[in-house]
Amino acid sequence: MEEKRLYEMMFVMDINRTGTEERMLKRVIHPIIEKHGGEVVLSRKWADYEFAYPIKKLTRGAYHLVYAKLPPNKVRDIKRDCYLKEEILRVLFLCAKEVPQKLVLSTGEVVELKETSEQDISEQKEEERIRKKEDVV
């Protein structure tokens, strides 16, 4: 099996479908990454911005930043699955050397980043369990 690499990904989400709550954004993004053998290292809502030009007749979107370890041969498949999801408007993948400790937003605000904690992982598993129950009903 090929070694996983660290990628930085920025997702532009349709706020009319997902809302602006971070948990809802993660419900759309994380299953796609995990389906292809990826491991989410950090996932954080970046901001809600107005677009410079309309995308699918929308003028605003939610930006979500994700760092994940992925098999390089699965990146194309993940991108394809992202564009098949109506909630995801745009996606950008970049190779990353490491997860930064801090990010500076366009507003000048400095944000401390932390990798996914055990609590975040347990919350994700609980959400996945609830999602499976909803699919059965």
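The values are calculated or read from the model by the stated rules, or taken from the named source; none is laboratory data. In this text the structure is predicted, and so the values were computed from the model without any measurement. Cβ coordinates were reconstructed from backbone atoms using ideal geometry, including for glycine residues, and neighbour counts include every protein chain displayed.
Restricting to region 58-89, name every residue that is among the aromatic types (Phe, Trp, Tyr) and either under 26 Å from LYS102 (Cα atoms) or not in a helix (DSSP H, G or I) (or both).
Here is the first cut: in region 58-89, the residues among the aromatic types (Phe, Trp, Tyr) are 63, 67, 83.
TYR63, TYR67 - these are the residues of region 58-89 that are among the aromatic types (Phe, Trp, Tyr) and either under 26 Å from LYS102 (Cα atoms) or not in a helix (DSSP H, G or I) (or both).
Take LEU92 and tell me if it is among the hydrophobic types (A, V, I, L, M, F, W, C) and more than 10 Å from the chain's Cα centre (by Cα). Quick ask: steps written out before the conclusion?
On the way: among the hydrophobic types (A, V, I, L, M, F, W, C): yes; more than 10 Å from the chain's Cα centre (by Cα): yes.
Criteria met by LEU92.
Is it fair to say LYS35 is on the phi > 0 side of the Ramachandran plot and either at pLDDT 90 or above or among the basic types (Lys, Arg) (or both)?
On the way: on the phi > 0 side of the Ramachandran plot: no; either at pLDDT 90 or above or among the basic types (Lys, Arg) (or both): yes.
Judged against the criteria, LYS35 is not a match.
If you take the residues of region 16-56 that are closer than 15 Å to VAL91 by Cα and among the β-branched types (Val, Ile, Thr), which of them is surrounded by the fewest Cβ atoms within 10 Å (Cβ to Cβ)?
Looking at residues that are closer than 15 Å to VAL91 by Cα and among the β-branched types (Val, Ile, Thr), I get ILE55.
Go through region 1-56 and give me each residue that's farther than 22 Å from LYS69 by Cβ, charged (D, E, K, R), out of contact with any helix residue (DSSP H, G or I) (no Cβ under 9 Å at 6 or more places or on another chain) and without any contact (Cβ under 8 Å) to a residue 60 or more places away in the chain.
GLU21, GLU50, LYS56
Out of CYS95, CYS82, which single residue is loosely packed, with under 15 Cβ neighbours inside 10 Å, touching a residue at least 12 places away in the same chain (Cβ under 8 Å) and closer than 16 Å to TYR7 by Cβ?
On the way: CYS82 fails: loosely packed, with under 15 Cβ neighbours inside 10 Å.
Testing whether each residue is loosely packed, with under 15 Cβ neighbours inside 10 Å, touching a residue at least 12 places away in the same chain (Cβ under 8 Å) and closer than 16 Å to TYR7 by Cβ leaves just CYS95.
Out of all the residues in region 61-72, is one or more surrounded by 15 or more Cβ atoms within 10 Å (Cβ to Cβ), in contact with a helix residue (DSSP H, G or I) (Cβ under 9 Å, 6 or more places away or on another chain), in contact (Cβ under 8 Å) with a residue 60 or more places away in the chain and of a type in the set (Lys, Arg)? Give the steps one after another, and end with the answer.
Of region 61-72, the ones surrounded by 15 or more Cβ atoms within 10 Å (Cβ to Cβ) are 61-71.
From the residues that got through so far, the ones that are in contact with a helix residue (DSSP H, G or I) (Cβ under 9 Å, 6 or more places away or on another chain) too are 61-62, 64, 66, 68, 70.
After this cut, where a residue has to be in contact (Cβ under 8 Å) with a residue 60 or more places away in the chain as well, the list is 68, 70.
Adding the requirement that they be of a type in the set (Lys, Arg) leaves none.
No, every residue in region 61-72 fails to be surrounded by 15 or more Cβ atoms within 10 Å (Cβ to Cβ), in contact with a helix residue (DSSP H, G or I) (Cβ under 9 Å, 6 or more places away or on another chain), in contact (Cβ under 8 Å) with a residue 60 or more places away in the chain and of a type in the set (Lys, Arg).
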